[in-house]
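FYI, it's all coordinate maths here, none of it is from the lab. All values reported here derive from a predicted model rather than from experimental measurement. Cβ atoms come from the backbone with ideal geometry, glycine included; neighbour counts cover every protein chain shown.
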Amino acid sequence: MRIPRIFTAQALAGGSSVTLEAGPSQHLAKVLRMGPGAAVCLFDGSGSDFPATILAADKRAVTVMLEPAQPGLPESPLRIHLGIGVSRGERMDWVVQKATELGVAAITPLYTERTEVRLRGEREARKLQHWQQIAISACEQSGRSCLPQVFAPETLPTWLGNCTDDQRLVLHHRAVALPAAAAPPASLSLLVGPEGGLSAGEIEAAEAAGFLPLALGPRVLRTETAPLAALAMLQARWGDMPLPG
């Protein structure tokens with residue numbers, strides 16, 4: 001049986017006992033029906049894994065004893081910051097989940113000219129918390145021990161003005177091949193539009209901010225497909241997913 005991996009916001013230290021928060025406790029005790037003596041693996045986002053054994057479990061709380069820390073999976077040498085236009089329905093959930101599995105380091109949802117979803121106030125805060133939880137679950141499943149940062153939504157001009165990564169790319173049909181580099185970039189910003197894509201003015205603004213246009217072949221990809229195809233390609237070129245041979 002696969003040992004479940006559980007994230008906790010508490011700072012962990014080997015040789016100590018920890019009582020987990022309500023969410024992880026309920027998942028272990030009620031969903032997985034795990035009890036005293038069962039093995040689990042905890043991580044706190046710092047990059048280490050902590051093998052642990054359940055000491056006590058009920059419907060409200062699970063307490064575990066931590067073993068010494070072990071190195072978690074190394075992160076990709078390419079730090080990718082994905083700026084993605086906010087999309088409708090479950091598309092954003094899908095992008096956050098799969099981008100986390102593909103090793104993205106940061107995600108910023110963007111309000112663009114063609115964004116149909118505009119979140120405000122408490123609704124935006126709830127949605128951000130929802131996306132962050134999706135990223136946590138994806139780390140638990142994929143074996144990552146470092147959480148990607150999921151930032152609050154912001155406007156495209158604000159995001160462009162703050163981009164300082166070594167390489168900057170914007171998905172666009174009028175594009176060039178993946179640019180050659182004297183050395184692999186350490187950091188990269190990837191801009192992807194919402195349904196309907198980015199406007200001509202937004203493409204021009206991105207190019208003025210140092211972004212190079214990048215295409216992904218002859219077919220038109222949906223907003224939830226395009227960033228994942230691009231992330232896989234970039235990780236294969238400069239990250240930790242090299243092609244065989």
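The charge dipole of the chain, taken about its Cα centre with unit charges on the Cβ of Lys, Arg, Asp and Glu (plus for the first two, minus for the last two), comes to roughly 600 debye. When +1 charges are put on Lys and Arg Cβ atoms and -1 charges on Asp and Glu Cβ atoms, the dipole computed for the range 106-245 relative to its Cα centre reaches about 240 debye.
As a length-normalised measure over Cα pairs under 8 Å and 6 or more apart, the relative contact order of the chain settles at 20 percent. Counting 0.36 nm for each residue step from E154 to T19 and taking away their Cα separation leaves a gain of 45.0 nm.
Residue ranges 140-152, 212-224, 73-85 sort as 73-85, 140-152, 212-224 when ordered by packing (mean number of other C-beta atoms within 10 Å per residue, highest first).
When Cα extents along the principal axes in Å is calculated directly from the model, which label among (i) 59, 46, 30; (ii) 64, 41, 32; (iii) 69, 57, 28 fits? The calculated read-out lines up with (i).
Under a cut-off of 24 Å between alpha-carbon atoms, report the lysines in cross-link reach of K59, not counting same-chain residues fewer than 8 places apart. Those lysines meeting the cut-off are K30. Modelled this way, with points 7 Å down the Cα-to-C-beta line, the labels at S137 and N162 are 2.6 nm from one another. Peptide packing for 113-121, 96-104, 160-168, 41-49 was compared via the average number of neighbouring C-beta atoms within 10 Å per residue; ordered from the highest value, the list is 96-104, 41-49, 160-168, 113-121. Straightening the chain between R114 and A183 buys 21.3 nm, computed as 0.36 nm per residue apart minus the Cα-Cα spacing.
With the simple model of a label 7 Å out from the Cα in the direction of the Cβ, R123 to E207 spans 3.5 nm. Electrostatic tally near G103: other residues with Cβ closer than 11 Å to its Cβ, Lys and Arg +1, Asp and Glu -1, net 0. With unit charges on the beta carbon (Lys/Arg positive, Asp/Glu negative), name the residue among S87, A230, L191 whose Cα is farthest towards the positive pole of the charge dipole of the chain. Working it through, the farthest residue towards the positive pole turns out to be S87. Counting only Cβ charges, +1 for Lys and Arg and -1 for Asp and Glu, the dipole size of the range 83-138 around its Cα centre is about 140 debye. Once both labels are positioned 7 Å from their Cα atoms along Cα-to-Cβ, the gap between V220 and Q26 label points is 4.3 nm. Projecting each Cα onto the charge dipole of the chain (Lys/Arg +1, Asp/Glu -1 at the beta carbon, about the Cα centre), which of V104, V40, L169 comes out farthest on the positive side? Going by the charge dipole, the pick is V40.
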